[in-house]
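J.: Have a look at this one.
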Amino acid sequence: MSEKFLDKAYSLETPEATLEHYNQWAASYDAEIAENGYATPGRIAEALAQFQTDLSEPVLDFGCGTGLSGLALRRQGFETVDGMEPSAEMLAQAQAKGAYREITQIDVANRKPIRRGAYRLITGCGVLGTGAAPPDVFDMILHALPKGGLFTFSYNDHALADRAYTGKLIEWVDVGAARLLFQEHGEHLPKIDLKSTVYVIEKA
């Protein structure tokens, strides 16, 4: 019986521990996540398509993992998708899927991995949350977007219960620095009864 990694993913406490975990999980990630009915990549792609009619404009899939979110974007009709991810092993899986124009390995210590204004469309599928990227990554992504740029992302139930994550969204919206265009709570990993909220926000 192959080792399971999902149940350990939400207790990781440091970027280094998270990177090691995902490097070890990479080879079996797609199979284990599929067993649990992973729904969020498709939901994010559909949500972005509601607000972006030009499907030729490049999308950055930040924290792309093994590329399931990139595949979902391509299935939705987005023609040009780039990926960024710190785990070399996950990136190798993503590369093999052929969904990306470019794939970039990022250093978890790099506080500004996205060049400002390089993308008007950025997605973060399951990236922000407990055991994944820390809350300040939200700020980094919003600062990298140009005015009018869209960030489409998810918070699973663990992140929704953590004010450190939800507070970032509230801060940006409350001061008028971003507009909330879309919010929908729905399936994430139904086999373990974990849901997620998908958001689309526009930088003001």
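J.: Which one is surrounded by the most Cβ atoms within 10 Å (Cβ to Cβ) among residues in segment 56-80 that are part of a loop (DSSP other than H, G, I, E, B) and not small (Gly, Ala, Ser)?
T.: Looking at residues that are part of a loop (DSSP other than H, G, I, E, B) and not small (Gly, Ala, Ser), I get Cys64.
J.: If a residue must be within 16 Å of the chain's Cα centre (by Cα) and assigned to a loop (DSSP other than H, G, I, E, B), how many such residues does segment 162-204 contain?
T.: The qualifying residues number 0.
J.: Moving on to the next point. Restricting attention to segment 81-104, and to residues there that are at pLDDT 95 or above and under 26 Å from Asp139 (Cβ atoms), which single residue is surrounded by the fewest Cβ atoms within 10 Å (Cβ to Cβ)?
T.: Filtering first and then ranking leaves Glu102.
J.: Working only within segment 148-159, note down all residues that are of a type outside the set (D, E, K, R), within 21 Å of Cys64 (Cα to Cα) and not in a strand (DSSP E or B).
T.: Across segment 148-159, the qualifying residues are Gly149, His158, Ala159.
J.: Moving to a separate point now. Could you check segment 46-73 and list, in sequence order, the residues that are closer than 15 Å to Val200 by Cα, without any contact (Cβ under 8 Å) to a residue 60 or more places away in the chain and not acidic (Asp, Glu)?
T.: Matches in segment 46-73: Ala49, Thr53, Leu73.
J.: Another question about this same structure. Quick one: in segment 105-116, of everything that is of a type in the set (A, V, I, L, M) and closer than 21 Å to Ala26 by Cβ, which residue is surrounded by the fewest Cβ atoms within 10 Å (Cβ to Cβ)? Talk me through it step by step, then tell me what you get.
T.: So the first thing to find is which residues in segment 105-116 are of a type in the set (A, V, I, L, M), and the list is 106, 108-109, 114.
Retained after the next criterion (residues that are closer than 21 Å to Ala26 by Cβ): 106, 108-109.
Numbers: Ile106: 15, Val108: 16, Ala109: 9.
Checking each candidate, the answer is Ala109.
J.: Do we have Gly42 as crowded, with 21+ Cβ neighbours inside 10 Å, at pLDDT 95 or above and part of a helix (DSSP H, G or I) here?
T.: Spelling it out, it is not the case that Gly42 is crowded, with 21+ Cβ neighbours inside 10 Å, at pLDDT 95 or above and part of a helix (DSSP H, G or I).
J.: May I ask you to list the residues in segment 119-145 that are in a loop (DSSP other than H, G, I, E, B), in contact with a helix residue (DSSP H, G or I) (Cβ under 6 Å, 6 or more places away or on another chain) and on the phi < 0 side of the Ramachandran plot?
T.: Within segment 119-145, Cys125, Thr130, Pro135 qualify.
J.: Within segment 50-101, can you find the residues that are acidic (Asp, Glu) and either farther than 28 Å from Gln24 by Cβ or out of contact with any Lys or Arg (no Cβ under 6 Å at 6 or more places or on another chain) (or both)?
T.: Selection gives Asp54, Glu57, Asp61, Glu79, Glu85, Glu89.
J.: Same structure, new question: Do we have Gly131 as crowded, with 16+ Cβ neighbours inside 10 Å and under 19 Å from Thr40 (Cα atoms) here?
T.: Criteria met by Gly131.
The values are calculated or read from the model by the stated rules, or taken from the named source; none is laboratory data. Because the structure is predicted, anything quoted here is derived from the model rather than measured. Glycine gets a Cβ as well: all are built from the backbone with ideal geometry, and neighbour counts include every protein chain shown.
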